[in-house]
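Structure, as structure tokens:
The values are calculated or read from the model by the stated rules, or taken from the named source; none is laboratory data. What you see is a predicted model; the values in this text were computed from it and never measured. A quick note on method: Cβ atoms are made from the backbone with ideal geometry, for glycine too, and the neighbour counts reach across all protein chains shown. The area values use the complete protein model at the heavy-atom level, side chains included, leaving out ligands, DNA and RNA. Shrake-Rupley method; radii C 1.70, N 1.55, O 1.52, S 1.80 Å.
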Amino acid sequence: MNKTARKYESAALADEGYWTSVSQAIRQEAVRLLEQGAVAGVVGYIAGRRTGTAMPVVAATPDQAKELIFSPACVNNLALYLTKAKKEVRAKGKLAIVAKGCDLRALAGLLGESQLKREDVYIIGIACAGVYGAHADRSQPLCDATIARKCRECTVREPTDTDLVAGTLPALPALEPLEAQELARLEAMTPQERWAFWKEHFSRCIRCLACRQICPFCFCEQCLCDRNRPQSVETTPRPAGNTAWHIVRAMHLAGRCGGCAECERVCPMDIPLNLLNRKMAKELKELYDYEAGLTPQEKGPLTEYKEDDDESFIK
Amino acid sequence: MSRIGVFVCHCGENISRTVDVEKVAAEAGRLFGVAYTCDYKYMCSDPGQNLLKKAVAEHKLEGIVVAACSPRMHEKTFRNAAKAAGVNPFLCEMANIREHCSWVHEDRDEATAKAIDIVTMMVERVKRNKKLQPITVPVTKKALIIGGGIAGIQSALDIADSGHQVVLVEREPSIGGHMAQLSETFPTLDCSQCIMTPKMVDVVNHPNITLHTYAEIEAVEGYIGNFQVKVRKKARSVDMAKCTGCGVCMAKCPQKKIPNSFDKNLGFRPAIYVPFPQAVPNTPVIDRENCTWFKTGKCGVCQKVCGPGAVDYTQEDEIVVEQVGAVVVATGFQLYDIGPKPAGSAIEGYGEFGYGTIPDVIDGLTFERLASASGPTGGKIVRPSDGAEPKSVVFVQCVGSRAREKGISYCSKICCMYTAKHTMLYKHKVHDGQAYVFFMDARTPGKGYDEFWRRSIEEEEAVYIRGMVSRLYQKGDKVVVMGSDVHIGVQVEIEADLVVLATAVQPREGADTLAQKLGISYDKYHFYSEAHAKLRPVECATAGIYLAGACQGPKDIPDTVSQASAAAAKVMTLFARNELEREPIVAKVNERFCVGCLACRKVCPYGAVEEKEIRDRSGNLIKVVAYVNPGVCGGCGTCQATCPSKSVELDGYTDEQIMAMIEAL
Ligand SMILES: Cc1cc2nc3c(=O)[nH]c(=O)nc-3n(C[C@H](O)[C@H](O)[C@H](O)COP(=O)(O)OP(=O)(O)OC[C@H]3O[C@@H](n4cnc5c(N)ncnc54)[C@H](O)[C@@H]3O)c2cc1C
Ligand code: SF4
Ligand code: SF4
Ligand code: SF4
Ligand code: SF4
């Protein structure tokens, strides 16, 4: 989106020792938990077949746990594996989970929305230096040029309320907040320009629904957008249905989305979904002083009945 | 369902004046699934309803759309007619072409087109309506009365006499309300205490009445027939079971100089007190703010002197839970305060009358206490400043009332009459005194009322000056009243010994908070709103809650008592049944799709949503879903709007129905 060419630094943000020590700490704890039978599985990452990749896994034995890693390629939000939608994972029993800051925010949301009980999950939090962005050149280390946008302005690097923290955070330089800049650019537009901006993006959506499948909060067993009696959202990728889908998505995630940006990462059409999410989050912060996912909250501003709710807008 | 009948009403000319009803009927006849249409002058009349019944039989109708007025007006009427004709009442819907169309439009063609759209939408909806069965809920035959003034007392006695249990909750240490403070009462001048106190005693002695004084409503849950009420009984510091009411404690309490608010601060009381000698119950309370023991931990005299050992400094507030089927709200009124107005008050106040700083400017209730035989002066009328007998008294009516610029536009209704009464009471006690009254109008409708008012002028020689008072100020030991006489168009100035302001009747402080607890509505002044100004004047829009007395609007005693008995009659009608039928417009959860996020539970204003576990045959938990208790659900639809997966829907208002209506446009 940045029109002017910008030079990105390629100096590594964290040295190799950091990644190894985090991986070590995860493995050690995972092996211990499995050996003691404290959990039935550990949701974490193992190295992918190609270098510079990683993939989610549910390690069920100490041997499998010895394979666990943490690297800049550990992009997935693992909280997804604990939602009810993934029944086969939950059916195994109490689980441990490796969680970055953004995964933790999702976990807090799931706890608040009755999808998870804290006592049913053991959380191995990560002091997280960041992960690769969607189109990063993975032959490079994690650096200004390769780090995900969301990580540039992350506020939850140090995990809280976990059972264990893996690793210690290296000193990190302040990075240019590209997401905030983009949001500011959007807010400066006239409503017409903004509408044109989104219309163009939405029109490219192919309705693969990858964004929905990857989102830890899209845990409905039957998404309303798949209903056909009555049909609320047209299912074919045409402008009306696309717009409806994106509005439903934004509204259903307002006050819940923790900003993991997984939706944006998996979108094959490069639609800036997290920009919309951030805008909604900002509105909630301004209107209700509410931020999703900082702690498990029983009620959010949009899911609460209060006798003294402001009704002045009802004329 | 494909055999729908559409009945288009003219409503006299209310609809047909702007809407071409024949055309609406004809167009409706073309709709797929409509088997019969007609139009008629008054569908709600007996012949109109018969027309509907006959059409159902002749054309084998399975669904009905009545295009007429608002469902609030006649939905029940037509659903009953449908039922009588053998059609499930919930297959009958109203298309509102009056309030939503003919009344708000002028262009006949456009209004007709809109009426056709409204009918088309309702036809599509009715096609998707389901036969619903009414829900029955048991009735708890016990009534809660809030407020123990004459209104609450009358309702309580009437209901209790009919054999039902009553719980009466009064905020003050004694029941009685304002009537206990009055001297003699218009229009017959009988002594208020003499007619009031026997009723108060009846309440406390009645086997069917449970009395909680010095108590307030903490929370109310539930619905008609089944309310759960939490009552906070404030710590009295005196054990009601032990106290014999001998009064030794009050006599011995060293704190003697606490202004008695019952006497409008004209007299004093000790820290352990009953507000007035005839109080019911006759058990004192300790005013902890002024009690030496509570302030310093020393004293304890009352405990020492109390024979039965009833004084208990450790008593704490107690919460009592009562199950009741009906609620009568009778919290009465308060008088407009002539003192300085708190910042932010919508009501202006009277700086020109000195904001209550002139000692010999008092309000009507203070005058009642002066004139009362059981008052602080034993019924002798004196000035607060020096205790002298006032030889000239100026009464000013409409202070606060009918004063739009001061924030209140309504008439307080009782002031004309009680001011007339005050002039008489004054003349009866101070024979050589002169009463003047500044008034805007004399409003005296009521049996014997105008005669009473005339008497004050013709026999008791009160001088009535039509006009307003612009200023009051102290001059020596007199209060100068500057006003105008609009009849002869001159400025008037009177040097008075005493000025009595007939201040406006206002709802009690905190009336809005109580309303929110009860879920009833109130007007901009916080008077409680009745369901219909003419036809349902004692019911609230919230089923099972009734109104009595001045909490609904300014009222005198006869009106208050009539309304209190009417409210009691409504409660008895409710209690005549063992079960109530409720409209089955309640939410239902689709357990297959519900993901148990319980967002619905968080937003439900009625607390109707519970958690439900679904288990397989061997008892393994499959999932947790939401469950709506149909007895509690108020049918508001909030959950439906909130549910992300559209797994909860209101019967009769399903998404399918609503979408079909939108698509019909
Ligand atoms: C100066 C004056 C003279 C009057 N003279 C006459 C007259 O001569 N003749 C006549 O017919 N009428 C007269 N009236 C009118 C008469 O006083 C009222 O009609 C009558 O008192 C109304 O009764 P009520 O029970 O509705 O209200 P109230 O008498 O105000 O009683 C309400 C009761 O509810 C209690 N309460 C309030 N809030 C709560 C709560 N939240 N919880 C529990 N309890 C609560 C109060 O403590 C009080 O006991 C006069 C009024 C005034 C001001
Ligand atoms: S992932 Fe992208 S293309 Fe696919 S549905 Fe979501 S926004 Fe559309
Ligand atoms: S909407 Fe996108 S950023 Fe938000 S929680 Fe879902 S996947 Fe993550
Ligand atoms: S909001 Fe919907 S999905 Fe969530 S618990 Fe209620 S009915 Fe179920
Ligand atoms: S419709 Fe839903 S939100 Fe409303 S009362 Fe019923 S269950 Fe509660």
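Table for the structure above
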read-out	value
Carbon + sulfur, % of accessible area of region A:197-315 - ligands and nucleic acids excluded, 1.4 Å	54
Point-to-point label distance, B:D441-B:D485, nm (Cα→Cβ direction, 7 Å offset)	2.3
FRET efficiency, B:R17 to B:H100 (Cβ-Cβ, R0 22 Å, nearest 0.05)	0.90
Three principal axis lengths of chain B [C-alpha, angstrom, descending]	88, 75, 45
Estimated buried accessible area (total), pair A and B, 1.4 Å, Å² to nearest 100	2000
Per-residue SASA entry for B:M73, accessible area with 1.4 Å probe, Å² rounded to 10	110
Under-5 Å amide H pairs with B:Q334, H placed in peptide plane, nonlocal only	B:Q506, B:R508
Threshold 20 Å² - residues in region A:189-228 whose accessible area is reduced by that much or more when the chain is no longer isolated, probe 1.4 Å	A:F219, A:C220, A:E221, A:Q222, A:L224, A:R227
With all protein chains modelled, accessible area of A:I314 [1.4 Å, Å²]	110
Rounded to 5, percent antiparallel among DSSP beta bridges of chain B	55
Region B:335-506, accessible surface, carbon-and-sulfur percent (1.4 angstrom probe)	52
HN-Hα J in Hz across region B:16-28 - Karplus 6.51, -1.76, 1.60, θ = phi - 60°, x for Gly and Pro	5, 4, 10, 10, 7, 5, 5, 5, 4, 4, 5, 5, 4
Estimated dipole of region B:313-417 in Debye, rounded to 20 [Cβ of Lys and Arg +1, of Asp and Glu -1, Cα centre]	600
Computed [θ] at 222 nm, helices only, for the protein assembly as shown once each DSSP H run of length n ≥ 4 contributes -39500 (n - 2.57)	-8500 deg cm²/dmol
Nearest-10 value in Å² for the accessible area of B:I662, using the 1.4 Å probe	100
Distance between modelled label sites at B:T292 and A:K92, nm, 7 Å Cα→Cβ extension	7.6
J(HN,Hα) series, region B:143-155, from Karplus relation 6.51 cos²θ - 1.76 cosθ + 1.60, nearest Hz, glycine and proline x	10, 9, 10, 9, x, x, x, 4, 4, x, 4, 4, 4
Simple label model, 7 Å out from Cα along Cβ direction - B:K53 to A:I206, nm	6.6
Exposure rank, largest accessible area first [B:S392, B:S385; 1.4 Å]	B:S385, B:S392
Relative contact order for chain B, counting Cα pairs under 8 Å that sit 6 or more residues apart, in percent	13
Chain A, relative contact order in percent, only Cα pairs under 8 angstrom and at least six apart counted	18
Length gained when the stretch B:D523-B:E458 is fully extended (0.36 nm per residue, less Cα-Cα span)	19.5 nm
Largest to smallest accessible area among B:H74, A:H201 [probe 1.4 Å]	B:H74, A:H201
Given charges at Cβ of Lys, Arg, Asp, Glu: region B:335-506 dipole, positive-most of B:W453, B:L498, B:G433	B:W453
For chain B, accessible area per residue (1.4 Å probe, heavy atoms of protein chains only), Å²	44
Euclidean distance of C-alpha centroids, region A:192-268 and region A:114-189, integer Å	23
Within the accessible area of region B:235-316 (1.4 Å probe), percent carbon and sulfur	54
Span from the region B:42-71 Cα centroid across to the region B:206-268 one, whole angstrom	56
Size of charge dipole - region B:1-151 - debye, nearest 20, with Cβ of Lys, Arg +1 and Asp, Glu -1, no other charges	980
Relative contact order computed over region B:235-316 (Cα-Cα under 8 Å; 6+ residues apart), in percent	42
DSSP-defined antiparallel bridges as percent of all bridges, the protein assembly as shown, nearest 5	50
Rg(Cα) / (2.2 N^0.38 Å) computed for region B:235-316, rounded to two decimals	1.00
Förster-model FRET efficiency, 25 Å R0, B:I195 and B:N265, C-beta, rounded to 0.05	0.45
Interatomic Cα distance distribution for the protein assembly as shown, bins of 10 angstrom, percent	2, 9, 14, 15, 15, 14, 14, 11, 5, 2, 0, 0
Surface per residue (accessible, 1.4 Å probe) for region A:15-166, Å²	41
Dipole moment magnitude, nearest 20 debye, the protein assembly as shown about Cα centre, only Lys, Arg, Asp, Glu C-beta charged	2100
For region A:135-269, projected area of the alpha-carbon convex hull averaged over all directions, nm²	11.2
Acute angle (nearest 10 degrees) that the helix B:71-84 long axis makes with the longest principal axis of chain B, alpha-carbon atoms	50
Lysine pairs in region A:15-166 with Cα atoms under 20 Å, if 8 or more residues apart or on separate chains	14
Alpha-carbon centroids, region A:1-67 and region A:285-303: separation in whole Å	30
